[in-house]
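Taking it in order: structure first as structure tokens, then the write-up.
What follows is calculated from the coordinates using simple rules that are stated; it is not laboratory data. The shown structure was predicted, so the numbers you read here are calculated from the model rather than taken from an experiment. Cβ sites come from the backbone with ideal geometry, for glycine too, and all protein chains shown count toward neighbours.
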Amino acid sequence: MWRATRLASVSPTVTVSHATGTPSFPGSYVGRVSDVLEGGPRRSGPPRWMWLAAGIVVLVAAGAYAVARSDQPGSPAVARSPTGSLGPAGSPSASPWPSAAGACGATAYRPLMSPLPLTERTGARVLVGGYGLRLVDADSGKTRAVAGIPTDARHMVSDLVSAAGVVYVLSTPCDGRAGRVYRLEHNMARPVAAAPVDDLLAGTTRVWTVEYPAPGAAPATPVVLRPVDGGRALALPPDAYPVADTGAGLVVTRGYTDEAGTPPRVLLLDPTTARPVRTLGVGRPLSADRSHLLLLLGPCDAGQATPACTLVRVEVRTGRVHGRYHLPTGRVPVSAGSLSRDGRQAVFQLARAHSDPRFDPGHPVPPADIAVLHLDTGRLDIVPGLELSPKTGAGLAFAADGSWIFATVSDGDHAHVLAWRPGLGAPRSVARLSGPIVWAPPVQIA
């Protein structure tokens, strides 16, 4: 169901084993994972996501889904799944999903979790958005607000990106108008973009502001990318969706997902002229770094996932496929992913195959776990003790060395920062950040 300019022989080929064992999400519901993975103007889709979540209930037992490499013997042993066969949502005994009032009149659907104290050193500091911008020392839990950015219930820090060692911040107002961009300098945030913008797109050496056509604009109105520090702007087609600025060029999707669920084309564009260089595939981007794109192929909508739901790793410069990963039957990614700096791991939200019979979220999309895919071996780890409400989510980031994952979740009038690494049981609590928020705050390693 996809094509690429150059389609090489695939190595490795990876198959996710369907774990067996005991019993074990933003906006209005429209019923397809593409709602989450596709985004659009004022986007909450790839490569940055505005997710919601937070709360307190224990999930039992975790483990890793084993992913067997079909081209190699000695695959990892199958571990027991942290989830099992759950009944349908909305049963007569089901309670409403736990929720709390958030900023901007929003309702935050809280995650079900029971984090433990962090007793190990991570050596990490993280920047967390949402209610203003705060710098959090993961080991001590100490936090410090960054001055110069609106910190009130009428504005949310919705995006954090970095390029060439400089961090840029997008603060957006509750009324949905375009936001303002700030650059961090000497522990202060200073405005750098004069015109309001809709989004940010970062590469290794530059950051772009993204301006989508305003509601009611002429059909031919382009999507505009502007270098945040000045330079020549790029005009993209109205149906373009910027995904990533890579070492080989700009990765964008073209075409909106239709009612039949037809995915968009994914193209590589020249960053100087915006002319197409090659087609990378037809699918839904999950994540990208400077050299590779993770792309979802096949029937990967919630409720329809089969073994044909496949994640492929595509080299952006050549279009060659370097790996295929078949996701567990009935489970599909429902957020964008975040890649480790070495490109060997991806973390994302993975919908469960069934709803939680204890709660009625108001629609049939099941809750989600946080999953970590090891791209070298194909092993899929599930973070135990954390269940995310349907159509909400978490901010996700790897530590610089890839050994820890940091996640943020929303509790309406405050947020939690969590840490986890493979081998742990429940996630560890890093900090509780006060202040109303709309969605799970973006997080980035400082």
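The alpha carbon centroids of the stretch 229-243 and the stretch 279-353 are separated by 24 Å.
In this label model, Ala147 and Arg432 are separated by 2.9 nm, measuring between points 7 Å along each Cα→Cβ vector. Count Lys and Arg as plus one, Asp and Glu as minus one, and take only other residues whose Cβ is under 15 Å from that of Thr143; the net charge is then +3. Taking Cβ atoms as reference points and 9 Å as the exclusive limit, the residues near Ala108 contribute a net charge of -1, counting Lys and Arg as +1 and Asp and Glu as -1. Within the shell of other residues whose beta carbon sits under 14 angstrom from the beta carbon of Ser93, the net charge comes to -1, with Lys and Arg scored +1 and Asp and Glu -1. Ranked by the mean number of other Cβ atoms within 10 Å of their residues, highest first, the peptides 131-137, 425-431, 151-157 fall in the order 131-137, 425-431, 151-157.
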